[in-house]
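Quick notes on the structure that follows.
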Amino acid sequence: MWPWEHLAFAYLLYSLFAHTVYRRSPDGAAAFLVALGSQAPDLVDKPLSWTFGLTPTGHGIMHSILIMGPLLAGALLLTNGRNRRLVAAYTIAHLSHLVGDLIYEPLLLNEPLIVGRVLWPVVSLPAYSTDQGGLIGRAAVYFFRWIHHLATQGLTPLVVFELSLVFGVIALWVYDGAPVLSDMVRYARAD
């Protein structure tokens, strides 16, 4: 999944959770933690692999349900009140990243389910075959493959799904009051 897809998926899940459990839209603090949690696994694991070569793939400690699952559950148990809501926002977003990495390719690309992506260090996936220039180089390779796919394949069902997810969640975010952005506007007007 692309970063914006992870963010959209995480926001969708947390917004549904907030409306169901708290009977209100996410606020700016929760939305910010959703954004952070949706990106954290890749922000840590990709550089560890692609730049520093510490893990064979970009699915390491932050993608591991064996490590992050107990840590996130413990954080939820140790908090209360407002903090519990914020920890829940981060936790839902982080776990949505892992779920997204598991189900995206099997559901949308008809690829096999690779549960090992979230079982590090018990399961270590095969190392990447070649070095593609560290973090920036590998990200560029994936991005230009995606652009090539868009240019040559047009609006495939996958692209329609990706666009629908992102634009649908933007509409949900606006419905929720544009958390984070609305907080920044209120803060700027207060000066």
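The values are calculated or read from the model by the stated rules, or taken from the named source; none is laboratory data. Worth saying up front: this structure is predicted, and the values here are computed from it rather than measured. Note that each Cβ is placed from the backbone with ideal geometry, even for glycine, and that neighbours are counted across all protein chains shown.
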Within the stretch 119-144, considering residues that are assigned to a helix (DSSP H, G or I) and touching a helix residue (DSSP H, G or I) at 6+ places or on another chain (Cβ under 9 Å), the one surrounded by the fewest Cβ atoms within 10 Å (Cβ to Cβ): ILE136
Can you pull out the residues in the stretch 59-88 that are of a type in the set (Ser, Thr, Tyr) and closer than 27 Å to VAL122 by Cα? SER64
Only listed residue being closer than 21 Å to PHE9 by Cα and free of Cβ contacts under 8 Å to residues at least 12 places away in the same chain, chosen from VAL185, VAL180, VAL174: VAL174
Starting from residues that are out of contact with any Ser or Thr (no Cβ under 8 Å at 6 or more places or on another chain) and closer than 20 Å to LEU7 by Cβ, keep the ones in the stretch 66-85 and report whichever is surrounded by the most Cβ atoms within 10 Å (Cβ to Cβ). MET68
Using the structure shown, decide if HIS6 is under 15 Å from PRO121 (Cα atoms) and at pLDDT 90 or above. no
Exactly one of these conditions fails for ASP191: (1) over 30 Å from ARG24 (Cβ atoms); (2) surrounded by fewer than 15 Cβ atoms within 10 Å (Cβ to Cβ); (3) modelled with pLDDT under 90. Give me its number. (1)
Name the residues in the stretch 16-34 that are surrounded by fewer than 21 Cβ atoms within 10 Å (Cβ to Cβ) and under 13 Å from the mean Cα position of the chain (by Cα), would you? PHE32
If I filter the stretch 43-58 for residues that are of a type in the set (Asp, Glu), at negative phi, surrounded by 19 or more Cβ atoms within 10 Å (Cβ to Cβ) and modelled with pLDDT of 85 or more, do I get at least one hit? yes
From the list GLY53, GLY60, GLY28, exactly one residue is within 14 Å of ASP101 (Cβ to Cβ) and either touching a strand residue (DSSP E or B) at 6+ places or on another chain (Cβ under 8 Å) or small (Gly, Ala, Ser) (or both). Which is it? GLY60
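Each row is one residue, and each column tells you yes or no for (1) surrounded by 12 or more Cβ atoms within 10 Å (Cβ to Cβ); (2) in a loop (DSSP other than H, G, I, E, B).
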site	(1), (2)
GLY100	yes, no
TRP146	yes, no
ALA151	no, no
LEU155	no, yes
PHE161	yes, no
LEU165	yes, no
GLY177	yes, yes
Just to be sure I understand, how many residues within the stretch 1-57 are more than 26 Å from VAL174 (Cα to Cα), free of Cβ contacts under 8 Å to residues at least 40 places away in the same chain and either touching a Pro at 6+ places or on another chain (Cβ under 6 Å) or part of a loop (DSSP other than H, G, I, E, B) (or both)? 3
